[in-house]
Amino acid sequence: MFDNFWFNVQYGMNHVLDINAYDHVLFLIVLTVPYVFKDWKRVLLLVSIFTLGHTLSLVLAAYGVIKVNANIVEFLIPITILVVALFNVFTSGKGAQKEQIGVLFLSTLFFGLVHGLGFAREFQMFLGGSDNKLVLLLEFALGIELAQILVVFVVLLIGYIFQTIFRFSKRDWIMVISAIVVGLVIPMLLNSDFF
């Protein structure tokens, strides 16, 4: 039983950390880069809201409540990353992440829903004819949350190093990382089957 549990948790972790599906990590980077370690509660809440949205869309898809065109979702995923990255670029150094709590949390929930829909088809194959869909979903969600916390910690640590040792200003750090992510996301948009 523990083997099954750990397998499902690892499957969730691998979903986030898969180098071939780095869109999830890019989203976490742009979500986290405006923050520092002292903001860990806010970042953890944002990440958990993202996981909630991601899991909710997997639940809806697993039980056949929703079915969405994969091409539209594959186009929307890089759009969500681009929106957050551009928000960072235009608001860096202005403290907007602290002022716009409601908007930021709602948009993170929405982005989690979109990202979950992008994985729904593969996840349905993973579920197969399982009778314990909800348990599998929760174990998978735990793996996602653990991997996301790891990514967030690494982003905060690298940000700390660059801002303290290399003397990057917080504004420059946010601008540079967000601009790099924009550069990585544009080819994803252009290569999507949506066009």
Is it fair to say L104 is within 19 Å of the chain's Cα centre (by Cα), buried (at least 16 other Cβ atoms within 10 Å of the Cβ) and part of a helix (DSSP H, G or I)?
yes
Taking into account only those residues within region 1-37 that are among the β-branched types (V, I, T) and touching a residue at least 40 places away in the same chain (Cβ under 8 Å), which is nearest to M188 (Cα to Cα)?
V25
Within region 107-129, does at least one residue satisfy the condition of being more than 19 Å from I174 (Cβ to Cβ) and not in a helix (DSSP H, G or I)?
yes
By residue number, the members of region 23-48 that are surrounded by fewer than 19 Cβ atoms within 10 Å (Cβ to Cβ) and among the aromatic types (F, W, Y) are F37, W40
Mind checking which residues of region 108-125 are in contact with a helix residue (DSSP H, G or I) (Cβ under 7 Å, 6 or more places away or on another chain) and either among the acidic types (D, E) or modelled with pLDDT under 85 (or both)?
R121, F123, Q124
Is there any pair linking a residue in region 153-179 that is more than 14 Å from V30 (Cα to Cα) to one that is assigned to a helix (DSSP H, G or I), with Cβ under 8 Å and at least six apart or on different chains, and which?
Y160/F37; F162/W173; Q163/K170; Q163/W173; F168/F162; F168/V176; S169/Q163
Members of region 54-93 found to be assigned to a helix (DSSP H, G or I), surrounded by 21 or more Cβ atoms within 10 Å (Cβ to Cβ) and of a type outside the set (A, V, I, L, M, F, W, C), listed by number
H54, T55, S57, P78, T80, N88
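The values are calculated or read from the model by the stated rules, or taken from the named source; none is laboratory data. Fair warning: this is a prediction, and the values are worked out from it, not measured in the lab. Using ideal geometry, Cβ is built from the backbone for each residue, glycine included, and neighbour counts are taken over all protein chains shown.
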